[in-house]
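Notes follow once the structure below has been shown.
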Amino acid sequence: MTINKKLNQLRKLFGFSLQEICNKTRIAVSSISDFENGKREPSLSQLQIFADLYHKPISFFFNNNSLEHPRMLWRKKPDNKQEQIDIEAKFYQLCKQYVNLETWSNFTKKNDFKKLKRSFPNNEIEVRKIAKETEYLFHSTATPWKSLLEILENDYYVKIFHCNFDGSAISFYDDTIGPAIMLNTSNVGWRRNFDLAHELFHLITWDSNKENDESTEKEEKFADIFASEFLMPEIKLRQSIEENSQDERKISFSTIDTLANQYDVSYEALIRRINKIYNIKLSNEKIKNTVDEIKKLFPKRDNKIPSMFPERYERQAIDCLRTGKMSTAQCARYLNKNVSELMAINLYDGEKENDIKIPNNFM
Amino acid sequence: MTSKYQIILCDSCVVIELFRLNLWEQIISSFEITVSSTIVNEVTFYRDNQQNKHPINLRKYIISKKINKISVPLSMMQIFYQKFDPSFQDRLDPGELELLAHLFNNKNDNLKICSADSIVFKILGKECMSEHSISLEEILPKNFPKKQIHTQFTKKFKEKYLQDGLQFF
């Protein structure tokens, strides 16, 4: 496909009018039209502006690449279709960049996410069984749910990015990319943790042959049950409640606050889980009122805002730069930084002092 | 220091470093400095040793014709991409690709790429174009204290990676 056709098809895919592109790029409508019709060609710097707008590398325009990306599952899609397409394209580009960094740094995965994969369960009992098996695989002796993100990133190589967008979370599984999740930075940490466990269920039960990108009500319900069971396993939660409660028949607000922090879940998710385990049958209104009361009593919970990029992604980008596998300007682009900012770190001079030289006959 | 008839294709890091060292004006009066069209949008400021931010406006220098801007036509870029090893393509920024495409299409003896990126030197070494590379150190005034420049701008750094490119990528 020629460059002009790619420009035209990308604009249509994103649902932009010529005027909207003009507003976003400051390139005249007549020029954009000429570029798309092949009457005139853009300069490379103009093509870069289009590449940034559509979240594509510049090489996309010179090679035979598909416009499409794998289907993605959303937890609460934005109402605006353009925003959905935009964030999906951005997420896919970040994942492709991550794969490039892994390839360039000869990164080998010691663990395989496929170990976690299961076929889609038939009922809630099977969902709970998958949650228990997954928890077992995570070697959960203490509170692994507190470090779920680290385990998924470091042990199972799930690509997890954070971004501000209208929606909760997105996930997809693809043979070249592997498992990937994007979480919403504007959600609080414990909400993101629940979203992460929810998306983990989708990835574990991912069906590559499925074409529809809409998750069913059943899939969403099962993902919530999985997240709840996985983050707050019944036996451990019962133990924690017993350890923290002075009265066997009551669970104090203080215990709820302590456990919500310990398990890194929201008050509401914890109360709902307790409701289920102890068969208390609190109404939705009662749960809401209880949450409001607890919030008034205890200090605001600490909510750390995560970086857009996974730690390994950042480390690999810097490593690729230091070892001459990518250029400074391209590294800056991958890290969403200005090249001047990256240069201020002065990465090369550290090489002299910090690197340990291993003699040739050592290994 | 080399002379004015040499055309130096500067990448973004070199431009920023020249501003940081307060040598930009001196260098552009000594050499025919050329930048790529994409670099003009990328290089907007530099940080001094105290991390204070200072603006850079390359357009001003292009308009006053103190430096040149190249804009490689897409048809030429297309040919360059077809010849260029695909595994390198995403490792470079469009600004660097544009400089390399320009160099590959104009193998003029006076044309040299001044870079601070090992990957650029490796590519030039691999393509047997070592003579078209130059380090920032080599264009500095003779009396300039060399201790002030960082490793990646030195002649030694350039030669190490040219050699790496010659041998194996």
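Quick look at the values:
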read-out	value
Angle in degrees between helix B:94-105 and the longest Cα principal axis of chain B, rounded to the nearest 10	60
The protein assembly as shown - percent of accessible surface contributed by carbon and sulfur, probe 1.4 Å	48
Buried on assembly, segment B:9-36 (at least 30 Å² less accessible surface than by itself, 1.4 Å probe)	B:Cys13, B:Ile16
For segment B:8-133, accessible area per residue (1.4 Å probe, heavy atoms of protein chains only), Å²	39
Whole-number accessible area per residue in Å² for chain A, which is evaluated in the context of all protein chains at 1.4 Å	51
Loop GluC sites (Glu not before Pro), segment A:215-309, which have at most 15 other Cβ atoms in a 10 Å radius of their Cβ (DSSP)	A:Glu248
Restraint check, A:Lys325/B:Lys155; A:Lys110/B:Lys83; A:Lys325/B:Lys156; A:Lys325/B:Lys126; A:Lys132/A:Lys276, Cα-Cα greater than 24 Å	A:Lys110/B:Lys83
Chain A: relative contact order as a whole-number percent, Cα under 8 Å and 6+ apart	15
Mean Cα-pair separation over length for segment A:91-231, i.e. relative contact order, pairs under 8 Å, 6 or more apart, %	28
Segment A:Lys300-A:Val29, length gained on full extension (0.36 nm per residue, minus Cα span)	92.6 nm
Estimated FRET transfer efficiency (B:Thr151, A:Asn279; beta-carbon r; R0 51 Å; 0.05)	0.15
Global form of segment A:91-231, assessed from the alpha-carbon gyration tensor, a/c cut-off 1.5	rounded
Farthest positive-ward along segment A:1-120 dipole, Cα basis, beta-carbon charges - from A:Ile58, A:Asn37, A:Gln19	A:Ile58
Inter-part distance where segment B:50-84 and segment A:158-211 are each reduced to a Cα centre, Å	39
Listed pairs B:Lys69/B:Lys160; A:Lys250/A:Lys286; A:Lys236/A:Lys300 exceeding 20 Å between Cα atoms	B:Lys69/B:Lys160; A:Lys236/A:Lys300
Sequence of B:His54, A:His198 from largest to smallest accessible area, 1.4 Å probe	B:His54, A:His198
Overall form of segment B:7-168 per C-alpha gyration tensor (a/c, 1.5; a/b vs b/c)	oblate
Whole-number percent relative contact order across chain B, with pairs defined as alpha carbons under 8 Å at least 6 apart	24
For segment A:153-283: rounded, prolate or oblate by the Cα gyration tensor [a/c cutoff 1.5]	prolate
Debye, to nearest 20: dipole size of the protein assembly as shown, +1 on Lys, Arg Cβ, -1 on Asp, Glu Cβ	720
Peptide B:98-106, shielding by other chains (average Cβ, 10 Å cutoff)	1
Sparse-neighbour loop sites [trypsin sites (Lys or Arg not before Pro); segment A:142-222; at most 14 other C-beta within 10 Å; DSSP]	A:Lys210
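The values are calculated or read from the model by the stated rules, or taken from the named source; none is laboratory data. Being a predicted model, the structure only gives us computed values, none of them experimental. Please note: Cβ atoms are built from the backbone with ideal geometry, for glycine as well, and neighbour counts cover all protein chains shown. Heads up: the accessible areas ignore ligands, DNA and RNA and are worked out on the full protein's heavy atoms, side chains in. Shrake-Rupley method; radii C 1.70, N 1.55, O 1.52, S 1.80 Å.
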